[in-house]
Amino acid sequence: MPDGQPFRPLLAVRNLRVEARLAGRDLVAVDGVSFTLSHGRTLGIVGESGSGKSLTARAIMGLLPANTRIAGGEVCFEGVDLRPLSDREMRRRRGAGLAMIFQDPLRSLDPTMRVGEQIVEAITAHHRVGRAESRNTALALLDAVRIPAAAKRLDDYPHHLSGGMRQRVMIAIALAGRPRLLIADEPTTALDVTTQAEILDLLRQLQQELDMAMVLITHDMGVASECTDRIAVMYAGRLVEEGPTNDVFARPRMPYTRGLLDSVVDVDTPPHALLHAVGGRPPSLAEMPSGCRFHPRCTRATAQCAGQAPRLAPAGQDHRWACWLPLDGEGCNESP
Ligand SMILES: Nc1ncnc2c1ncn2[C@@H]1O[C@H](COP(=O)(O)OP(=O)(O)OP(=O)(O)O)[C@@H](O)[C@H]1O
Ligand code: SF4
Ligand SMILES: [Mg+2]
């Protein structure tokens, strides 16, 4: 960066609030989330089911479900707040600027369209190219995501492909616009362990080749530790700890983060069981606890925890956490 120019992150999410309308009530599903992401870097978002990871991702993309909405905050991409943009302007940015791989590849692909047509559609949405050229580009994309016999696969329907191959097609579609930011929401959840590792390797290679930034949402702390530069931990709609991956893993400051890290000790633990190492269950949207939302499950909670929510330091500080525990130099070293 030239001297004297202010640092501008690729993505800056500030005080994001997402509300969901349920049974006539507006419930807060994402509550005051702030973080930044630099060019070419990877931020992991971790947290138990229902903590607000996908809604945060969808809010960034401008693709929230119909009964949910951004109720506050900013999503700045390359210095521009995306919130006030029209649908047309957002569509232009999606794909070429930012793209997303969704949690469920089978539902995200159109079962009635051949794989090649779906990739061509994604290419022509962003570039003025003829049919033959876009088919060649589709072929190159299938090669890039390491699909064997790619020319034959172009004419397959999604149900002809294995889960791993479908996920590769989703990645090819997401890359069609050559995005600067890729959001991958649990990109390997439904896959076997070997295929998971292949897809994560592929994402890392493509990220380097294309110099893309990535937000990687995962339940798996092992994946988060291997694949990310920074980690954001969410609990009950809030960001509760965020910092450089090495630092958060070496010195987790919040008991909830410690619990998540304890969940990866056993390599034989099935991926979906990983987060059950934290005792108890997360709260429902309709009944959020007062103060620190983790206090009913936290063995170190005090009266202050139930009465007052600890605040996370502002985005930009290197390692931030929301917890009343005094800093003892070692971080939080007890399981919740
Ligand atoms: N369309 C919706 N309408 C109402 N509530 C919703 C909707 N989508 C999500 N929620 C609720 O918002 C909260 C956050 O959901 P979100 O999907 O972001 O969680 P998540 O962290 O991605 O979970 P998972 O790990 O299971 O994918 C949850 O309590 C969820 O039930
Ligand atoms: S603020 Fe209190 S309840 Fe919350 S994590 Fe820290 S010690 Fe536990
Ligand atoms: Mg999700």
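The values are calculated or read from the model by the stated rules, or taken from the named source; none is laboratory data. Just so you know, these numbers come straight off a predicted model, no measurement behind them. Methodologically, a virtual Cβ is constructed for each residue, glycine included, from the backbone with ideal geometry; neighbour enumeration extends over all protein chains shown. What goes into the accessible areas is simple: the full protein's heavy atoms, side chains included, and nothing from ligands, DNA or RNA. Shrake-Rupley method; radii C 1.70, N 1.55, O 1.52, S 1.80 Å.
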Note to self: Between ARG58, ARG17, which is among the basic types (Lys, Arg), buried (at least 17 other Cβ atoms within 10 Å of the Cβ), within 16 Å of ligand 3 (Cβ to nearest atom) and modelled with pLDDT of 95 or more?
What the structure shows: ARG58
Checklist line | Failed criterion for MET1 (all others in (1) open to solvent by less than 80 Å² (accessible area, probe 1.4 Å); (2) more than 16 Å from ligand 3 (Cβ to nearest atom); (3) modelled with pLDDT under 95 hold) | finding: (1)
Check: Can you tell me which residues in the stretch 218-232 are hydrophobic (A, V, I, L, M, F, W, C) and under 12 Å from the mean Cα position of the chain (by Cα)?
Finding: ALA224, ILE231, ALA232
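Do any strands (runs of 3 or more DSSP E) entirely within the stretch 1-86 hold 2 or more residues that are out of contact with any helix residue (DSSP H, G or I) (no Cβ under 8 Å at 6 or more places or on another chain), and if so, which? Break it down stepwise before answering.
On the way: elements: 11-22, 25-37, 42-46, 68-77.
So the answer is 11-22, 25-37, 68-77.
Listed here are the residues, each with its yes/no results for (1) closer than 18 Å to GLY50 by Cβ; (2) at pLDDT below 95; (3) surrounded by 16 or more Cβ atoms within 10 Å (Cβ to Cβ).
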position	(1), (2), (3)
LEU260	yes, yes, yes
VAL267	no, yes, no
ALA273	yes, yes, no
PRO310	no, no, yes
PRO314	no, yes, no
ASP318	no, yes, no
TRP321	no, no, yes
GLY329	no, yes, no
GLU334	no, yes, no
Next item on the list: Considering only the stretch 64-96, state which residues are farther than 14 Å from GLU19 by Cα and within 16 Å of ligand 3 (Cβ to nearest atom).
Entry: none
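So, of the residues in the stretch 169-227 that are acidic (Asp, Glu) and more than 16 Å from ligand 1 (Cβ to nearest atom), which turns out to be surrounded by the most Cβ atoms within 10 Å (Cβ to Cβ)?
Taking the stretch 169-227 and keeping what is acidic (Asp, Glu), we get 185-186, 192, 198, 201, 209, 211, 220, 226.
Remaining after also requiring more than 16 Å from ligand 1 (Cβ to nearest atom): 192, 198, 201, 209, 211, 226.
Numbers: ASP192: 12, GLU198: 17, ASP201: 12, GLU209: 10, ASP211: 10, GLU226: 13.
Taking the candidates together, the pick is GLU198.
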Next item on the list: Inspect all residues belonging to the stretch 99-112 and state whether any of them is open to solvent by 40 Å² or more (accessible area, probe 1.4 Å), under 26 Å from LEU312 (Cβ atoms) and among the acidic types (Asp, Glu).
Entry: no
Notebook entry, point to check: Pairs under 9 Å by beta carbon, first residue within 19 Å of GLU287 (Cβ to Cβ) in the stretch 42-69, partner more than 9 Å from ligand 1 (Cβ to nearest atom) and charged (D, E, K, R), six or more apart or different chains?
Noted result: GLU48/ARG281; SER51/ARG238; GLY52/ASP31; GLY52/ARG238; THR68/GLU19
Item checked: Every residue from the stretch 20-48 that is open to solvent by less than 50 Å² (accessible area, probe 1.4 Å) and under 15 Å from THR68 (Cα atoms) -> ALA20, LEU27, VAL28, ALA29, VAL30, ASP31
